[in-house]
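Worksheet: the structure to be examined is printed underneath.
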């Protein structure tokens, strides 16, 4: 699919490429963004400028997810989805595929769409409030129904690993950690070994630093 080209992109402007199923949709996107400060719709984004791909779709299906992934693989680090309708499964799938922002086509005023593009270019996400609530509900259900029964968290760590790291961060040695958690010292050492091996960390100090850096403890 090609995109509508308006002009070359002056320095400091956001290059926007349109991924749409038909020429009319691409032209409509170009017309919607025409005159928005700091934004230029182009056929091929300049690698030296911020770039955002806007994927236009009726709904989120496998072909749209492939387009999102392809846009990211082509060098567009930020993707905004302009969609007619989206259900909970499609929303979560789009986010997993790398979408930074979602806008319903019925709500896509020039200012609204431009704002979502600017947010994506800055590395910020944007969702309508109701979609954000639905996404958070999906995340909560995933944690409750899938991860928690397996003792996992979204960080990829088990609750036991997080508990061990939290106590290590407080300066305890493995024996003290075992006493606090009612584990044997061997169990604590096995937890640390499994964690450092899985995440390719050098030692327990590196593991604690990793957990702090990622906000896990």
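In plain terms, if you count all Cα to Cα distances in the stretch 151-213 and split them into 5 Å steps from zero, the share in each step is 3, 20, 34, 27, 14, 1 percent.
Could you tell me the ratio Rg/Rh of the chain? Both radii from Cα atoms, Rh via Kirkwood.
On the way: Rg = 22.5 Å, Rh = 19.8 Å.
Ratio of gyration radius to Kirkwood radius: 1.13.
Helix 23-33 and the longest principal axis of the C-alpha atoms of the chain enclose an angle of approximately 80°.
Subtract the Cα-Cα distance of residue 24 and residue 61 from 0.36 nm times their separation in residues, and report this length gain in nm to one decimal.
On the way: separation 37, 0.36 × 37 = 13.32 nm, distance 2.06 nm.
So the chain would gain 11.3 nm between residue 24 and residue 61.
Semi-axes of the equivalent ellipsoid of the stretch 14-141 are 22, 15, 14 Å, computed as sqrt(5λ) over the eigenvalues of the C-alpha gyration tensor in descending order.
Computed over the chain with a Gaussian network model linking Cα atoms closer than 10 Å, the most mobile of 58, 200, 130 is 200. The angle between the Cα long axis of helix 159-169 and the main principal axis of the chain comes to about 70°, on a 0 to 90 degree scale. Relative to the dominant Cα principal axis of the chain, helix 88-97 is inclined by about 80°.
Taking 0.36 nm per residue of sequence separation and removing the Cα-Cα distance, the residue 74/residue 173 pair yields an extension gain of 30.9 nm. If the chain linking residue 106 and residue 206 were pulled fully straight, counting 0.36 nm for each residue of separation and taking away their Cα-Cα distance, it would gain 31.1 nm. Most simply put, the chain has about 5% antiparallel DSSP beta bridges, counting only bridges with both residues inside it. For the stretch 81-111 versus the stretch 165-217, the spacing of their alpha-carbon centroids is 40 Å. Of the residues 57, 207, 31, the one that moves most in a GNM of the chain with alpha-carbon contacts below 10 Å is 207.
Only the coordinates and a few stated rules stand behind these numbers; no lab work does. Since this is a predicted model, take the numbers as computed values, not measurements.
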